Amino acid sequence: MTKVIAIAHEKGGVGKTTTVINLGIGLARQGKNVLLLDADPQGDLTKCLGVKDPKALRHTIATCMDHLIAHGEEDDPPDFAYTDAIRQHDEGVDFIPANAGLAATEVTLVNSMSRETVLRQYLDVVKQEYDYVLIDCRPSLGLTVINALTAADSVIIPVQAHILAAQDMDALFKTIGRVRRQLNPRLQVDGICMTMVDARTNLARTTVKAIRENYGSLVRVFQSEIPFAIRAAEVPEKGQSIYAYDPNGRVAKAYEALTKEVMALGNREHEKAQDYHAR
């Protein structure tokens, strides 16, 4: 059974794309079939996975969603297949790229039938081949993000160890609650992942403590904290994960630990589902 996880935060620069890549490739290193989906018109995930010129791509998540908006869930016509957008990365994950065309798609969604469920319709076609689908959400709470939350089983929220990033979570939690009530009752929050933690600074230590105290009784705050490291900041332009660029570094070890926490969650959910069906 496929688990779809949206990596979301309203604020930019908190480590969403980095978490999608390194968690996704971490899961692949554990033997899982993984699909990464770029749901941000800036195409940062796409560029970080080695695509030099996203605007030149013929097939993206936008073209797939545009086709669904125009034609519905009919069979693929001879000149179009929903799998055309799926690309392979040499570290063992598949990914669906995005570019600026997704911004135009979001405008089109406003007047579309079932405007909140187009991405879910698309993933229902292609996700069966994967154990995990990770969605890199744009830093907003617009229709593209609503589509991602409607398509997802759960959300992971990266939070930079800085007080401003921590303060921006209330709107996201309200949106998640609204999507759960109106569109996707199965949606849950897997947890908050602290990123860019510089344990040498009082600010980082204070922020992490505040997150654990203020949110820890409501949602999981992952034990694995992603440290700040200069070498990690160099990775995006390399087109590879932290495991390939700095395999023995602290960030690689932290993402490996986070991967195991996420897998443990999935195993517990699978066991609960088996118990439910056995009754």
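A few points about this structure:
- Criterion: modelled with pLDDT of 90 or more, touching a Phe, Trp or Tyr at 6+ places or on another chain (Cβ under 8 Å), closer than 29 Å to Gln88 by Cα and open to solvent by less than 30 Å² (accessible area, probe 1.4 Å) - qualifying residue of Leu258, Leu265, Leu187: Leu258
- The lone exception for Ala165 - which of (1) surrounded by 19 or more Cβ atoms within 10 Å (Cβ to Cβ); (2) at pLDDT 95 or above; (3) in a helix (DSSP H, G or I); (4) among the small types (Gly, Ala, Ser) it fails: (2)
Residue-by-condition table, conditions (1) surrounded by fewer than 18 Cβ atoms within 10 Å (Cβ to Cβ); (2) in contact with a Lys or Arg (Cβ under 9 Å, 6 or more places away or on another chain); (3) not in a helix (DSSP H, G or I):
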| site | (1), (2), (3) |
| --- | --- |
| Asp84 | yes, yes, no |
| Gly92 | yes, yes, yes |
| Thr105 | no, no, no |
| Lys127 | no, no, no |
| Ile135 | no, no, yes |
| Thr144 | no, yes, no |
| Leu149 | no, yes, no |
| Pro158 | no, yes, yes |
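- Any hit, the range 6-27, residues being out of contact with any Pro (no Cβ under 7 Å at 6 or more places or on another chain), of a type in the set (D, E, K, R) and surrounded by fewer than 22 Cβ atoms within 10 Å (Cβ to Cβ): no
- Residue match in the range 222-240 (condition: at pLDDT below 95, hydrophobic (A, V, I, L, M, F, W, C) and not in a helix (DSSP H, G or I)): yes
- For Val251, the requirement of being open to solvent by less than 70 Å² (accessible area, probe 1.4 Å), in a helix (DSSP H, G or I), among the β-branched types (Val, Ile, Thr) and modelled with pLDDT under 95 is not met.
The values are calculated or read from the model by the stated rules, or taken from the named source; none is laboratory data. As the structure is a computational prediction, the values presented were derived from the model and not from experiment. Glycine gets a Cβ as well: all are built from the backbone with ideal geometry, and neighbour counts include every protein chain shown. These accessible areas exclude ligands, DNA and RNA; they are computed on the full protein's heavy atoms, side chains included. Shrake-Rupley method; radii C 1.70, N 1.55, O 1.52, S 1.80 Å.
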